[in-house]
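The values are calculated or read from the model by the stated rules, or taken from the named source; none is laboratory data. On a predicted model such as this, the values are computed, not experimentally measured, just so you know. Positions of Cβ are backbone-derived with ideal geometry, glycine not excepted, and every protein chain shown enters the neighbour counts. Heavy atoms of the whole protein, side chains included, go into the accessibility calculation; ligands, DNA and RNA do not. Shrake-Rupley method; radii C 1.70, N 1.55, O 1.52, S 1.80 Å.
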Amino acid sequence: MLDTLMLSRIQFAANISFHILFPTITIAMCWFLVFFKVRFDMTGNPVWMRAYRFWVKIFALSFALGVVSGITMSFQFGTNWPGFMEKVGNIAGPLLGYEVLTAFFLEATFLGIMLFGIKRVPPKVHTLACIVVAIGTTLSAFWILSLNSWMQTPTGFEMRDGVAYPTDWFAVIFNPSFPYRLAHMLLASGLTASFMIIGVSCYRLLKGDDKQAPKLTLKVAVIVAAILSPLQAFVGDLHGLNTLEHQPQKIAAMEGVWQTEKGAPLLLFAIPDEENRTNHFEIGIPNMASFILTHELDGEIKGLDEFKGEHPPVKPVFFGFRIMVGLGLLMIAISWFATYTLKKRGQLPTWLMRILVGLTFSGWLATLAGWYVTEIGRQPYLVSGVLKVSDAATQIAPANVGFSLALYLTTYAILLVAYLHTVFLMARRAVEIEEFDMSEKPIKQLPSKGDNAYV
């Protein structure tokens, strides 16, 4: 039977895995909505308003699930991980408080105007509300990632009687890994939202929706994905170099390097064997891991044997990293190909749209894989070098944790199925909706009958 520590870890992993799905959509989705709304204000083209009206509903649904799951997740600091707040609450508490005060209240206040005020306030006020909500979602990510990054690379504090006290808030917030982690997460959100818009737009087109709105949103999202995907690879490389400097044991697990070596190969595939501290069935490119991480063919990478008892479990980090990278490369390839096809032909072939529908939530998979690499890669520490996971866990009976875990998993499974069903139900119903709502506002310029906003 699993003990309290493992059950608590599984429960928190389940909660954060479910919760993170929705901020990865809403952070970037809100900026898409700002773009749609500003384009409508500038041109008066009702296609932009139709795009806004469809996607704001999905944004609202995603936002609601993100808020609810975030609240339940925060409860676990007290129920499952009391040692966390006891030891580092002087730092974690204020950062979480800043997230609530400066971001959540900002989002919640203007979200009402954004969702329900489109016909009740002047257009400029409504657009301003959209921008403020978008800023709020980004600020929310700023504070949460600042705390998470501090847990990975803690700075700006001192220990007094076993408790962490901040000595430099600037160093706490802008800790060594924070800029890379923030940029990486914001780009991940951009790609997640882009591929969701691409997939749902293709789904509508495949269902016979010949209106301009899904064609226009498809084009916008494909171009955004084509720009962000290589940029994400570049930021990921910088993040890797930062991790090599501050968390070499995590890099060793990601690359499956057991003994310190120069000219380490890039393992495309292997099966790590932690018991025998070796890899089986290795397929690699000689010297390439060293070249990528140190920019030298014979660069040295520290092996896991230098961190015995202080390094993470290897398999989940090793495979999680390859899933993330593989999906990232797929996103680059397919977004570039789709962009080229749109430019060349003005529309996508049916077979490609079907593939893109299948990739609607590929951003979720890549984000989860990357998140697991980040969080499991910090083990056995909750706060690197300061607080071990085992020292922060609750001592309540395993049965109590197991019962709440079962309830969480059941609830999240139902909510996730309902969310996916609702998104595609909304897409199918959008096929039957009229292209334009002429009551929105006076139209500055209506597209001519032959005008195709898709091309």
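I'd like the Karplus ³J(HN,Hα) series for region 287-302: coefficients 6.51, -1.76, 1.60, θ = phi - 60°, whole numbers in Hz, and an x wherever there's a Gly or Pro.
6, 6, 4, 5, 5, 5, 8, 10, 6, 9, 4, 10, x, 8, 10, 5
Once R0 is set to 25 Å, what does the formula 1/(1 + (r/R0)^6) return for the Cβ-Cβ distance between Arg277 and Glu300, expressed as a FRET efficiency to the nearest 0.05? Write down the numbers at each step before the final one.
Numbers: r = 19 Å, r/R0 = 0.75.
Efficiency for this residue pair is about 0.85.
Relative to the longest principal axis of the chain, what angle (0 to 90°, nearest 10) does the C-alpha long axis of helix 46-79 take?
Tilt relative to the chain: about 30 degrees.
Within the chain, what whole-number % of the accessible surface is contributed by carbon and sulfur, with the 1.4 Å probe and all protein chains included in the calculation?
Working: 13470 of 20390 Å².
That fraction is 66 percent.
For the chain, with the dipole built from +1 on Lys and Arg beta-carbon atoms and -1 on Asp and Glu ones, taken about the Cα centre, which of Trp150, Val38, Thr260 lies farthest toward the positive end?
Going by the Cα projections, it comes out as Val38.
Using only the alpha carbons of region 270-409, determine the length spanned along each of the three principal axes and report them from longest to shortest in whole angstroms.
62, 50, 29
Note down, for region 1-150, the three equivalent ellipsoid semi-axes (square root of 5 times each alpha carbon gyration tensor eigenvalue), biggest first, whole angstrom. Kindly include the intermediate steps, with their values, before the conclusion.
Details: eigenvalues 255, 51, 24 Å².
After diagonalising the Cα gyration tensor, the semi-axes are 36, 16, 11 Å.
Residue by residue, what Karplus-based ³J(HN,Hα) values in Hz, rounded to whole numbers, does region 312-317 have, using 6.51, -1.76 and 1.60 with θ = phi - 60° and x for Gly and Pro?
x, x, 7, 4, x, 6
Write down the Å³ per residue value for the convex hull defined by the alpha carbon atoms of region 75-215.
On the way: hull volume 22.2 nm³, N = 141.
Per-residue hull volume (Cα only) is 157 Å³.
Counting only other residues whose beta carbon sits under 12 Å from that of Lys87, what net charge do I get with K and R as +1, D and E as -1? It would help to have the intermediate numbers written out before the result.
Working: positive: Arg160, Lys388; negative: Glu86, Asp161, Asp391.
Result for the neighbourhood of Lys87: -1.
Report, in whole Å, the centroid distance computed from the Cα atoms of region 237-265 and region 357-376.
Here the answer is 21 Å between Cα centres.
Using a 1.4 Å probe, what is the accessible area per residue for the chain, in Å²?
Numbers: 20390 Å² over 455 residues.
Heavy-atom SASA per residue in the chain reads 45 Å².
Cβ neighbours within 10 Å, averaged per peptide: list 270-276, 4-10, 204-210 in order, most packed at the top. Could the numbers behind the result be given before it?
Numbers: 270-276: 13.9, 4-10: 18.9, 204-210: 16.4.
The most tightly packed comes first, giving 4-10, 204-210, 270-276.
Around Asp273, which amide H atoms from residues at least 5 apart in sequence, or from another chain, sit under 5 Å from its own amide H, with H modelled in the peptide plane?
Distant-sequence amide H within range of Asp273: Thr278, Asn279, His280.
Compute the normalised compactness of region 1-56: alpha-carbon radius of gyration over 2.2 N^0.38 Å, N being the residue count. Don't skip to the end; give the middle numbers.
Details: Rg = 19.6 Å, N = 56, 2.2 N^0.38 = 10.2 Å.
That works out to 1.93 for region 1-56.
For the chain, take the longest principal axis of its alpha carbons; what is the angle in degrees between that and the long axis of helix 23-43, to the nearest 10 within 0 to 90?
Between helix and principal axis, roughly 30 degrees.
Here are some values of semi-axes √(5λ) of the Cα gyration tensor in Å: [x] 40, 27, 20; [y] 92, 32, 22; [z] 35, 25, 19. Which one was computed from this structure?
Structure-derived value, by its label: [x].
Can you list the HN-Hα couplings for region 220-230, worked out from phi with the Karplus curve (6.51, -1.76, 1.60; θ = phi - 60°), rounded to whole Hz and with x for Gly and Pro?
With the stated coefficients, region 220-230 comes to 4, 5, 4, 5, 4, 5, 5, 7, 6, 4, x Hz.
I want to make sure I understand the PRE zone here: with the label point 7 angstrom from the Cα of Thr260 toward its beta carbon, which residues in region 301-329 have backbone N atoms less than 11 Å away?
Zone members listed by number: 301-307.
Please tell me the relative contact order of the chain in percent, rounded to the nearest whole number, where contacts are Cα pairs under 8 Å and at least six residues apart. Walk me through the numbers before you get to the answer.
Values: 671 pairs, mean separation 100.0, N = 455.
It comes to 22 percent, rounded to a whole number.
Can you bin region 336-437 into rounded, prolate or oblate? Criterion: square roots of the alpha carbon gyration tensor eigenvalues sorted a ≥ b ≥ c, rounded for a/c under 1.5, prolate for a/b above b/c, oblate for the rest. Please list the in-between numbers first.
Numbers: a/c = 4.15, a/b = 1.88, b/c = 2.21.
Because a/c hits 1.5 or more and a/b fails to exceed b/c, region 336-437 counts as oblate.
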